[in-house]
1. Below 8 Å between Cα atoms, with a sequence gap of 6+, how large is the relative contact order for region 3-115 in percent?
2. Under a point spin-label approximation (7 Å from Cα along Cα-to-Cβ), what is the residue 15-residue 100 distance to one decimal in nm?
3. What spacing in nm lies between the two simple spin-label points modelled at residue 75 and residue 22, each 7 Å away from Cα in the Cβ direction?
4. Checking the cross-link filter: which lysines have an alpha carbon closer than 16 Å to that of residue 46, excluding same-chain neighbours under 8 positions apart?
5. With every protein chain left in place, what is the accessible area per residue of the chain in square angstrom, probe 1.4 Å?
6. Can you pull out the trypsin sites (Lys or Arg not before Pro) in region 12-117 that DSSP calls coil and that have at most 16 other Cβ atoms within 10 Å?
7. How large is the convex hull of the Cα atoms of region 12-120 per residue, expressed in Å³ as a whole number?
Amino acid sequence: MSEEFLRIAKKEVSDDISAIGNLLKTCSTDSDVQKTASEIEKHIHKIKGLAPMMGQVEIGEVAALLDTLLKLVVSGRKIDGIYDTLCSSFDTMDKKINGLDSDMLSLRSQILQVHKSVLQ
């Protein structure tokens, strides 16, 4: 990929992660996520596709899991712990995209473990 593409893609992903952070500021419970799930999912879906194209495969893998969970929430399914999962995912993705130390593999494992009943 060209340097220009990578620069633009990083900005896009960073902007989407920031937008998710702003949406999460309006939430404090799993029920609150229900109200913003559709908007959060739009940003996650974009990250799911764009991050791997720019070499951020781990962010893409986490985004794919979150996309699945959020689509279920949007369809009306209650998912216990979704707020905490989104908050920890936001923090970890934000660090990773900004070049800070982050453990995406542990985050992915944690999401799979906490939400195994809906991700199987």
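The values are calculated or read from the model by the stated rules, or taken from the named source; none is laboratory data. Quick caveat, the model's predicted, so the values are computed rather than measured. So basically every Cβ, Gly included, is an ideal-geometry build from the backbone, and we count neighbours across all protein chains shown. Heads up: the accessible areas ignore ligands, DNA and RNA and are worked out on the full protein's heavy atoms, side chains in. Shrake-Rupley method; radii C 1.70, N 1.55, O 1.52, S 1.80 Å.
1. Numbers: 121 pairs, mean separation 32.9, N = 113.
Value for region 3-115: 29 percent.
2. 2.2
3. The modelled label-to-label distance comes out at 3.0 nm.
4. 10, 11, 71
5. Numbers: 6480 Å² over 120 residues.
I get 54 Å² per residue for this part.
6. Working: sites: 25, 35, 42, 46, 48, 71, 77, 78, 95, 96, 108, 116; in loops: 25, 77, 78.
For trypsin sites (Lys or Arg not before Pro) across region 12-117 that sit outside H, G, I, E and B with at most 16 neighbouring Cβ atoms in 10 Å, the list reads 25, 77, 78.
7. Values: hull volume 9.4 nm³, N = 109.
Dividing the Cα hull volume of region 12-120 by its residues yields 86 Å³.
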